[in-house]
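Asker: Pasting in a structure now, in structure tokens, and then I'll have a few things to ask.
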Protein chains: 2
Amino acid sequence: MNLQPVTFTPIGVVHCDFGEPSDPKTMRNALSTIEIDEKYQEGLKGIEKFRHLFVIYHIHRALGYDLLVHPMGDESIPKRGLFATRTPRRPNPIGLTVVEVLNVEGNKITVTGLDALDASPVLDIKPYEEHFDSPTGVEAEKDPNYRPREG
Amino acid sequence: MNLQPVTFTPIGVVHCDFGEPSDPKTMRNALSTIEIDEKYQEGLKGIEKFRHLFVIYHIHRALGYDLLVHPMGDESIPKRGLFATRTPRRPNPIGLTVVEVLNVEGNKITVTGLDALDASPVLDIKPYEEHFDSPTGVEAEKDPNYRPREG
């Protein structure tokens, strides 16, 4: 297995009121501004036409991980493998959130729905596309004549 | 803006029949196996209960990027900013795909729906959770009494 390290340089940063972890629902209901490095500003052209985006960011404050965790930290739920949960404490602390776009101005995108802490480095932004990103879309894209091979 | 580089070590690798880019629909209809580094195998516990997962991977063959691109390479569609498209040629070539889980055995997950080339390094795997990952879920999570501030 080729597991060579990969290095990314953030394309921008999150600004919001949450410097410390808070109730996720409160965070998602608040406004966040994603400030993109000015050198990429032209790369945002047309992004205002999408209502929802994926934001991929570095969970820069997460430290370490456990292989087995209680989902949502709830000890009444049996432990599961970390990859079967959304815990921020992961081998590669990469955050992924669907956000709603409220405004785009220059190199700043104002959104709700983001659960990232203030100053989180943003690695990528992608338009959310129903046909590609929802399970129903994934199913609909399937070739009805396609049959998985054994194996 | 703090744009310090971030380094990740892949947690696994994609095995599939596509060593070169092919028709995306053909790729997504084929089977792929995600082989996870054995040291993380316990972290997969319970993942078989999810029908859909997000796979976050390094688009390791992508080279460079253009700020403005024709969506899906279709020259009949006017150019857009790269962040308003799913082009693999991005400042940080991070792939994001919703896949359907067919089988989990040891450290290997067999899926359909993945459009990654053979040998793509996998950075993270997350369960797809409707309430969190779909726009309707994002909307439903909203506090009905919440009003965005001006700003």
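Each value in this text was obtained by applying a stated rule to the coordinates, not by laboratory testing. Just so you know, these numbers come straight off a predicted model, no measurement behind them. Note that we place each Cβ from the backbone using ideal geometry, even for glycine, and neighbour counts take in every protein chain shown.
Asker: Evaluate the charge dipole of the protein assembly as shown about its Cα centre and quote only its size in Debye, nearest 20, assuming +1 on the Cβ of each Lys and Arg and -1 on the Cβ of each Asp and Glu. Numbers along the way, then the final one.
Answerer: On the way: 34 positive and 46 negative charges, 28 e Å.
The calculation lands at about 140 debye.
Asker: A further question follows. Of the GluC sites (Glu not before Pro) in the range A:26-81, which ones lie in a loop per DSSP and count no more than 12 other C-beta atoms within 10 Å? Spell out each step's value before the answer.
Answerer: Working: sites: A:35, A:38, A:42, A:48, A:75; in loops: A:75.
Those satisfying the criteria are A:75.
Asker: For residue A:73, go 7 angstrom from Cα along the Cα-to-Cβ vector, then report the distances to that same point in the other copies in nm, smallest first.
Answerer: Copy-to-copy label distances for residue A:73: 4.6 nm.
Asker: Using the crude model of +1 on Lys and Arg Cβ and -1 on Asp and Glu Cβ, and no other charge, please compute the dipole size for chain B relative to its Cα centre, in debye to 20.
Answerer: Details: 17 positive and 23 negative charges, 84 e Å.
Rounded to the nearest 20 debye, it is 400 debye.
Asker: Hey, which residue of A has the C-beta nearest the axis mapping A onto B, and what's the distance in Å?
Answerer: Per the A/B rotation axis, the closest residue of A reads A:7, 2.
Asker: How far is residue A:1 from the same spot in each other copy, in nm, shortest first, if each label point sits 7 Å from Cα toward Cβ?
Answerer: 3.4
Asker: Related question: Which distances in nm, rounded to one decimal and ordered from shortest, link the label point of residue B:129 to the equivalent label points in the other identical copies, with labels set 7 Å from Cα toward Cβ?
Answerer: Reported distances to equivalent positions: 2.7 nm.
Asker: Once phi is turned into ³J(HN,Hα) by the Karplus curve 6.51 cos²θ - 1.76 cosθ + 1.60 with θ = phi - 60°, what whole-Hz value does each residue of the range B:79-84 show in order, with x for glycine and proline?
Answerer: 4, 10, x, 4, 6, 9
Asker: Amide H of residue A:30 versus every other amide H placed in the peptide plane: which residues, excluding those fewer than 5 positions away on the same chain, fall under 5 Å?
Answerer: Here A:113 satisfy the definition.
Asker: Another one. Using a Gaussian network model of chain A whose springs link C-alpha atoms within less than 10 Å, name the residue from A:26, A:97, A:112 with the highest mean-square fluctuation.
Answerer: Taking springs between Cα atoms under 10 Å, the residue moving most is A:26.
Asker: Now, a different point. Measuring from label point to label point, each 7 Å out along Cα→Cβ, what is the residue B:22 to residue B:41 span in nm?
Answerer: 2.9
Asker: Counting only helical runs of four or more DSSP H residues, what would the 222 nm mean residue ellipticity of chain B come to if each run contributes -39,500 (n - 2.57) and the total is spread over all its residues? Present the calculation step by step, with values, prior to reporting the outcome.
Answerer: Numbers: 3 runs with 16 residues, N = 151.
Estimated from H runs of four or more residues: -2000 deg cm²/dmol.
Asker: What are the lysines whose alpha-carbon lies under 21 Å from the alpha-carbon of residue A:126, with same-chain residues fewer than 8 places away excluded?
Answerer: Cα-Cα hits under 21 Å: A:39, A:45, A:49, A:108, B:25, B:79, B:126.
Asker: If you don't mind, there's one more thing I want to ask. Which cross-chain or sequence-distant (5 or more) residues have an amide H under 5 Å from the amide H of residue A:102, H modelled 1.01 Å from N in plane?
Answerer: Under 5 Å from the amide H of residue A:102: A:110, A:111, A:112.
Asker: Tally Lys/Arg at +1 and Asp/Glu at -1 over every other residue whose Cβ is under 15 Å from the Cβ of residue A:106; what's the total? Walk me through the numbers before you get to the answer.
Answerer: On the way: positive: A:39, A:45, A:108; negative: A:35, A:37, A:38, A:42, A:48, A:105.
Within the 15 Å Cβ shell, the charges total -3.
Asker: Now, a different point. Read phi for every residue in the range A:88-98 and hand back ³J(HN,Hα) as whole Hz from Karplus 6.51 cos²θ - 1.76 cosθ + 1.60, θ = phi - 60°, with x for Gly and Pro.
Answerer: x, 8, 9, x, 10, x, 10, x, 9, 9, 7
Asker: Hey, another quick one. Quick check: from the Cα gyration tensor, does chain B come out rounded (a/c under 1.5), prolate or oblate?
Answerer: Details: a/c = 1.58, a/b = 1.12, b/c = 1.41.
Taking the square roots of the gyration eigenvalues as a ≥ b ≥ c, chain B is oblate.
Asker: For the range B:1-82, rounded, prolate or oblate, judged on the Cα gyration tensor with a ≥ b ≥ c (square roots of eigenvalues), a/c < 1.5 rounded, else prolate if a/b > b/c?
Answerer: On the way: a/c = 2.27, a/b = 1.42, b/c = 1.60.
Oblate, since a/c reaches 1.5 and b/c is not below a/b.
Asker: Which one, B:73, B:122, B:13, projects farthest toward the positive side of the charge dipole computed for the range B:12-130 from Cβ point charges (K/R +1, D/E -1)?
Answerer: B:73
Asker: Do you know the relative contact order of chain B, to the nearest whole percent, from alpha carbon pairs under 8 angstrom that are 6+ apart?
Answerer: Worked out over chain B, it gives 34 percent.
Asker: Quick one: among A:52, A:70, A:15, which has the greatest mean-square fluctuation in a GNM of chain A with alpha-carbon springs under 10 angstrom?
Answerer: Top of the fluctuation ranking is A:70.
Asker: Let me ask something else about it. So what are the ³J(HN,Hα) numbers for the range B:108-118, from phi and the Karplus equation (6.51, -1.76, 1.60; θ = phi - 60°), rounded to whole Hz, Gly and Pro as x?
Answerer: Going residue by residue, I get 10, 10, 9, 9, 10, x, 7, 10, 8, 6, 3 Hz, with x marking Gly and Pro.
Asker: Okay, moving on. Using a 10 angstrom cutoff on alpha carbons, build the Gaussian network for chain A and name the most mobile of A:90, A:80, A:61.
Answerer: Among A:90, A:80, A:61, the largest mean-square fluctuation in the Gaussian network model of chain A belongs to A:80.
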